[in-house]
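Colleague: Below you will find the structure I want to go over with you.
The values are calculated or read from the model by the stated rules, or taken from the named source; none is laboratory data. From a predicted model like this one, the values you see are computed outputs, not experimental measurements. Using ideal geometry, Cβ is built from the backbone for each residue, glycine included, and neighbour counts are taken over all protein chains shown.
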Amino acid sequence: MSDFQNIPQAYSIASLLHQNTYLVGGELKQWTGATAEVFSTISSTEDYKPTLLGTVPQLGEKEAMEALNSATLAYNKGQGLWPTMKVVDRIACMERFVEQMKTKREEVVRLLMWEIGKNLPDSEKEFDRTVDYIYDTIEAYKQIDRDSAKFEKNSGVYAHIRRGPLGVVLCLGPYNYPLNETFTLLIPALIMGNTVIFKPAKLGVLLISPLMEAFQSSFPRGVVNIVYGRGRVLATPIMQSGKIDVLALIGNSKSANALQAEHPKGNRLRMVLGLEAKNPAIVLPDADLDLAVEECITGTLSFNGQRCTALKVLYVHESIVEEFNRRFAQKVDQLKFGNPWEPGAKLTPLPEKEKPGYIQELIDDALNKGAKVLNEKGGQTTDNFIFPAVIYPVTKDMRVYKEEQFGPVIPVVSFADIDEPLDDMAESNYGQQVSLFGKDINTLSPLIDTLVNLVCRVNLNSSCQRGPDVYPFTGRKDSAYGTLSVHDALRSFSIRTFVASKDNDYNNAILNELLKRKTSNFISTDYIL
Ligand code: G3H
């Protein structure tokens, strides 16, 4: 199904990328030890064969500790250059970084396509969205800083309140957005004055290589540390040290729970987590079916369903389910599969080689329990792909109902009474978002009022998504811990801290002197425009 001969030169792999350094203590340190090969599931030859893209270091516990010490030293109990730096100077470092980052767009986009199979428009969007996120973060931080450029006075006490850093952050991102989602943690953590240890995701790791120099040259030594290797080997001892103040992770709750449990002082560890979800769509009898079908296609199958925000189960009212299924299954079969750079490729190779087998297991289990595959191409398998299967009727005993499939299979459940999907959502371990399709406000109103208490975003007549990034991205129950929007992320990685002084001549003279001489970076009423 893939067209290996037509790999455009701009996107072909001209040479292997050997990442042979890691970033610690402000230095790109040479690594001569063990390495791991990085493969793409996309073939470059006529007979299917995964493509070798390059190698990355397999660092050990010693290097993990080296990175931890470097970050701890840069924070230096809050006395480090970075956590005490003027806001305007931290912003200047971030601007330097993003300017350099922008020059690497082509290389990063190419690696995104090869490493995780994301199509060209979405890979470009991931890069551009991340650059925008950085600029928006800078603006949001300036606003926070402007808002705090003042003294308050209550009950005879002056207070100069700002947001300060939390300490050392361990940052781990997911493979489906190895650039964007990792940076939505990394960038706010850094700009607020924390120091960071960052381990790239299990897939989508080489795409960080083009940015290594920018990280190294834009920030003071030890502020950003980048390590490569297995999470278990690196992250476990880092957590066990008790020196991590924030665990920032987007990915799997198993990893998050395991890492959290390694920290010896649970109550000292702050967490910023984006975890699993099983977002449902609810299609009401009066829904505009064409619109619902179109949005459910985007919702279930953008990036082959490998999104935490993907629609992972469709509840369709029994009165319209047959027609919905007919139109939906037809549209699914019309989607084009191809390599990421092929024009119009909506479905692309799956980056996890075991994923087609797993999806097949879900299909087989559903078929054994009485469901059918509605679309002709559903379940057709090639070396690196399984065509999305629309499965109906799905019942609660099926694995595809219970598990977060994170891939191309779409369970459809029919309902007679709206309480059925509502009860299921209340019982579910997840609570991120829902898509609600319908028109009559008398039906929608009570539903909206309930749904907002079951999830954190109700998408009216549209698929679920994270963006625009200025809106809160979070979830209830096991789906998230903390909130990430451009603004909220800055709050999540900081804490309010302030200087208080009684209103008397003695203190006021000191404060005036501090403000006049600008000797403190914290006490300042300067306005950043
Ligand atoms: O994997 C989860 C992502 O946060 C989804 O972001 O809705 O923009 O694809 P998205």
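Colleague: From the list Ala64, Ala34, which one is touching a helix residue (DSSP H, G or I) at 6+ places or on another chain (Cβ under 9 Å) and modelled with pLDDT of 95 or more?
Modeller: Ala64
Colleague: Continuing with this model, one more query. Can you name every residue in segment 300-317 that is under 17 Å from Leu347 (Cβ atoms) and either away from the ligand (no atom under 11 Å from the Cβ) or free of Cβ contacts under 8 Å to residues at least 40 places away in the same chain (or both)?
Modeller: Let us first name the residues in segment 300-317 that are under 17 Å from Leu347 (Cβ atoms), namely 300-307, 310-312.
Residues satisfying the conditions are Thr300, Leu301, Asn304, Lys312.
Colleague: Same structure, new question: Give the number of residues within segment 455-473 that are over 21 Å from Asp286 (Cβ atoms), in contact with a strand residue (DSSP E or B) (Cβ under 6 Å, 6 or more places away or on another chain) and of a type in the set (Gly, Ala, Ser).
Modeller: Within segment 455-473, residues that are over 21 Å from Asp286 (Cβ atoms), in contact with a strand residue (DSSP E or B) (Cβ under 6 Å, 6 or more places away or on another chain) and of a type in the set (Gly, Ala, Ser) number 0.
Colleague: Yes or no: Lys118 of a type outside the set (A, V, I, L, M, F, W, C), over 26 Å from Met65 (Cβ atoms), buried (at least 22 other Cβ atoms within 10 Å of the Cβ) and within 16 Å of the ligand (Cβ to nearest atom)? Don't jump to the end; show me each part of the working.
Modeller: On the way: of a type outside the set (A, V, I, L, M, F, W, C): yes; over 26 Å from Met65 (Cβ atoms): yes; buried (at least 22 other Cβ atoms within 10 Å of the Cβ): yes; within 16 Å of the ligand (Cβ to nearest atom): yes.
Yes; evaluated as a whole, the condition is true for this residue.
Colleague: Turning to a different aspect of this structure: In segment 125-175, how many are at pLDDT 95 or above, part of a loop (DSSP other than H, G, I, E, B) and under 30 Å from Gln260 (Cβ atoms)?
Modeller: Number of matching residues: 4.
Colleague: Moving to a separate point now. Within segment 265-299, take every residue that is in a strand (DSSP E or B) and under 24 Å from Val434 (Cα atoms) and give me the one that is nearest to the ligand (Cβ to nearest atom). Quick ask: steps written out before the conclusion?
Modeller: Let us first name the residues in segment 265-299 that are in a strand (DSSP E or B), namely 270-274, 279-283.
Still in the running and under 24 Å from Val434 (Cα atoms): 272-274, 279-283.
Details: Val272: 13, Leu273: 12, Gly274: 6, Asn279: 10, Pro280: 15, Ala281: 14, Ile282: 18, Val283: 20 Å.
Within segment 265-299, the match that is nearest to the ligand (Cβ to nearest atom) is Gly274.
Colleague: A further question follows. Of the residues Arg457, Arg476, Arg517, Arg466, which single one is of a type in the set (D, E, K, R) and over 27 Å from Ala310 (Cβ atoms)? Explain how you work it out, then say what you get.
Modeller: Details: Arg457 fails: over 27 Å from Ala310 (Cβ atoms); Arg476 fails: over 27 Å from Ala310 (Cβ atoms); Arg466 fails: over 27 Å from Ala310 (Cβ atoms).
Just one listed residue meets the conditions, Arg517.
Colleague: Does Val224 count as among the β-branched types (Val, Ile, Thr), at pLDDT 95 or above, surrounded by 17 or more Cβ atoms within 10 Å (Cβ to Cβ) and more than 26 Å from Asn429 (Cα to Cα)? Spell out the reasoning first.
Modeller: On the way: among the β-branched types (Val, Ile, Thr): yes; at pLDDT 95 or above: yes; surrounded by 17 or more Cβ atoms within 10 Å (Cβ to Cβ): yes; more than 26 Å from Asn429 (Cα to Cα): yes.
Here the answer is yes, as Val224 does meet what is asked.
Colleague: Is there a residue in segment 248-264 that is farther than 18 Å from Ala201 by Cα, of a type outside the set (Ser, Thr, Tyr) and not in a helix (DSSP H, G or I)?
Modeller: yes
Colleague: Select from segment 454-491 the residues that are closer than 16 Å to Ile187 by Cβ and crowded, with 24+ Cβ neighbours inside 10 Å and write down the one among them that is nearest to the ligand (Cβ to nearest atom).
Modeller: Phe473
Colleague: Which of the numbered conditions does Met85 fail, given that it passes all the others? Conditions: (1) free of Cβ contacts under 8 Å to residues at least 24 places away in the same chain; (2) surrounded by 14 or more Cβ atoms within 10 Å (Cβ to Cβ); (3) within 30 Å of His263 (Cβ to Cβ).
Modeller: So the condition that Met85 fails would be (1).
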